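The values are calculated or read from the model by the stated rules, or taken from the named source; none is laboratory data. Note that the structure is predicted; figures quoted are calculated from it, not measured. All Cβ positions, glycine included, derive from the backbone under ideal geometry; neighbour counts span all protein chains shown. Accessible surface is based on the protein model in full, side chains and every heavy atom, while ligands, DNA and RNA are left aside. Shrake-Rupley method; radii C 1.70, N 1.55, O 1.52, S 1.80 Å.
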Amino acid sequence: MNLKNIYSAMGISGEIYDYCTGMEEKLAERFREIDRIAECNQLKVLSAMQQCKVSEACLVGTTGYGYNDIGRDRLEEVYAKVFRTEDALVRSQIVCGTHALTIALFGNTRPGDEIFSPVGLPYDTLLEVLGVREAQGSLKEYGVSFSYCDLKEDGTFDFDGIRAGINERTSLVTIQRSRGYSQRHTLSIDEIRELIAFIRTVKPEVTIMVDNCYGEFMEELEPTEVGADMIVGSLIKNPGGGIAPVGGYIAGTEHCVKNAAARLTAPGLYKELGPSLGNNRLLYQGLFLAPTVAAAAEKGAVLLSAVYEGLGFECTPGPLDKRDDIIEAVTFHDPKLVMSFCRGVQRAASVDSFIRPEPTPTPGYEHDIIMAAGCFISGSSIELSADGPLRAPYTVYFQGGITYPHAKFGVMMSLQQLMEDGFVKLS
Ligand SMILES: *Cc1c(COP(=O)(O)O)cnc(C)c1O
């Protein structure tokens, strides 16, 4: 059977197949560049594993206190090498990205300090951590305040605003690399380098943290290679390669990592405790796969952008734009299209493809969200997924696909659903 017939048997109409594969052919050059970066990063990860002498003994786990867990300790060395940092904390006990960011922030601030964001308000779930939205146990309750300044209208840094926003109490600057659920663009490594250099001229001793969620392995360099003191991320996004079942990481200076470890375990215990349980092999294997998995997801995002831009929808980034995370945003200006799109993505899932997603309130988020997620790892957004917060301008965020053919199928099925629901016509 030819591919078109196989897709047809899977519910994709001939016209959608022709349209999407036509778009794909135009992206060959773009895909080659993505593969080149994946190749660089694959070698970076492999080299770190070899230098750290990862051995079969590292792949088994410990229980209880987790003393002398050589697999866990060696994995943290590997992360530190990959991200060019002094140290790293990589743990299954970190339950998600928000948790990793929380221990990094709580660990590295003290009462009376101020945290400053030079790139606008951070990701939704952090608003409660910071106390921007009232929440029991927030940093605000501990006497740590927060301030921020937005990017300028044209998306560039507001250097005057940043200079004015950093004061004698500012002890930590937080920079979110990815756009998250916002309309701004994702920061490139060059922009992060420029921003950090500027902040150092204003206050050299301030701790600079980058929320690296969704950004890992998108470029040849990571934020810690252009001046950040620490980066923080989730293992059910890029660096877990779709294999890590849970976890988060903080990589940075020894000082920053120890501060975070004091919050994850306890002062005095730091990194010594924390059993890896059965997860070491999965965390190693996930990191090993991460560069090509992130590339597969990135290609899916590029294809989605080309397909929907071709139909006249607003897509950011555009298909040929430089991109620095795996997220593609399509703005529909209509909640019905957001729901139809997500239902299409769900139909393309490996697990739970028969479920029809509905908008629901979600902990940490202010608006109802409709999510398409049929994943091997619950909630994993390196796997094919889409989320749309039901608020104007009704933008849907598409991400993931641990293989490119699956991401491509997700793109096609989203369009198939929009056609079946009567929202889109081809030709
Ligand atoms: C995903 C994400 C987080 C953390 O989210 P979790 O769901 O808690 O893992 C934080 N910041 C950004 C930019 C993210 O994309």
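If both residues of a DSSP beta bridge must be in segment 58-287, then about 40% of such bridges are antiparallel. Based on the Stokes-Einstein relation at 37 °C and a viscosity of 0.692 mPa s, and on the Kirkwood radius from alpha carbon pairs, segment 8-113 is assigned a translational diffusion coefficient of 180 µm²/s. Here segment 214-270 is treated as an ellipsoid with the same Cα gyration tensor; its semi-axes, largest first and in whole Å, are 22, 17, 6.
Taken over the chain, the percentage of Cα pairs per 10 Å bin, counting from 0 up to the bin with the maximum distance, is 5, 22, 31, 26, 13, 3, 0.
With both residues required to sit in the chain, DSSP beta bridges show an antiparallel share near 65%. About the centre of its Cα atoms, segment 58-287 shows a dipole size close to 560 debye [charges on the beta carbon of Lys, Arg (+1) and Asp, Glu (-1) only; nearest 20 debye].
Say we join alpha carbon atoms closer than 10 Å with springs in a Gaussian network model of the chain; which of 386, 164, 297 then has the biggest fluctuation? Top of the fluctuation ranking is 164.
Please compute the length gained on full extension between residue 147 and residue 68, using 0.36 nm multiplied by the number of residues separating them and subtracting their Cα-Cα distance. All intermediate terms of the calculation are to be shown ahead of the outcome.
On the way: separation 79, 0.36 × 79 = 28.44 nm, distance 4.10 nm.
Full extension from residue 147 to residue 68 adds 24.3 nm.
At a 1.4 Å probe radius, carbon and sulfur cover how many percent of the accessible area of segment 319-382? That fraction is 56 percent. Computed over every Cα-Cα pair of segment 275-327 and binned at 10 Å starting from 0, the pair-distance distribution P(r) comes out as 24, 35, 20, 15, 6, 0 percent.
What's the magnitude of the charge dipole for segment 128-240 around its Cα centre, counting Lys and Arg as +1 and Asp and Glu as -1 at the beta-carbon? Answer in Debye, nearest 20.
Using Cβ point charges on Lys, Arg, Asp and Glu, segment 128-240 gives about 280 debye.
Using the charge dipole of segment 58-287 (Lys, Arg: +1 at Cβ; Asp, Glu: -1 at Cβ; taken about the Cα centre), state which of 66, 83, 257 has its Cα farthest towards the positive end. Comparing the listed Cα positions along the dipole, 66 ranks first.
Shape summary of segment 61-120, radius of gyration then Dmax from alpha carbon positions: 14.7, 42 Å.
Work out the count of Lys pairs in segment 58-287 where the Cα-Cα distance is under 20 Å, with the pair 8 or more places apart or on different chains.
Details: 81/237; 81/258; 81/271; 258/271.
Taking the Cα cut-off of 20 Å, the pair count is 4.
Over segment 125-167, with every protein chain in place, what whole percent of the accessible area is carbon and sulfur at 1.4 Å, could you tell me? Of the solvent-accessible surface of segment 125-167, carbon and sulfur hold 47 percent.
Mean separation of Cα pairs under 8 Å and 6+ residues apart, divided by the residue count of segment 58-287: what relative contact order is that in percent? Don't skip to the answer; put the middle values down first.
Values: 472 pairs, mean separation 72.1, N = 230.
Relative contact order of segment 58-287: 31 percent.
Of 60, 302, 45, the residue with the greatest mean-square motion in the GNM of the chain, using alpha carbon springs below 10 Å, is 60.
So, with +1 on the Cβ of K and R and -1 on the Cβ of D and E, and no other charges, what is the size of the charge dipole of the chain about its Cα centre, to the nearest 20 debye?
Details: 39 positive and 56 negative charges, 147 e Å.
Value, rounded to 20: 700 debye.
Of the residues 28, 38, 206, the one whose Cα sits farthest towards the positive end of the charge dipole of the chain is 38 (charges of +1 on Lys and Arg Cβ, -1 on Asp and Glu Cβ, taken about the Cα centre).
Using the rule -39500 (n - 2.57) for each DSSP H run of four or more residues, divided by the residues of the chain, the 222 nm mean residue ellipticity is -12500 deg cm²/dmol. Of the peptides 236-245, 205-214, the order by per-residue mean of other Cβ atoms within 10 Å, starting with the highest, comes out as 236-245, 205-214.
Leaving out ligands and nucleic acids, note down the accessible area per residue over the chain with a 1.4 angstrom probe, in whole Å². Could the numbers behind the result be given before it?
Details: 17240 Å² over 427 residues.
Accessible area per residue: 40 Å².
For segment 219-329, what is the convex hull (Cα atoms) projected area averaged across all directions, in square nanometres?
Hull-based average projected area comes out at 8.4 nm².
Any idea how far the Cα center of segment 192-257 sits from the one of segment 165-191, in Å? Result: 11 Å between the Cα centres.
Hydrodynamic estimate: the Kirkwood radius of segment 58-287 over Cα pairs, inserted into Stokes-Einstein at 25 °C and 0.890 mPa s, corresponds to D of 139 µm²/s.
Principal axis extents of the Cα atoms in segment 342-418, from largest to smallest and rounded to whole angstrom, are 33, 27, 20. What separates the Cα centres of segment 11-82 and segment 89-131 is a distance of 25 Å. Each Cα pair under 8 Å and six or more residues apart adds its sequence gap; the mean of these over the residue count of the chain is a relative contact order of 18 percent.
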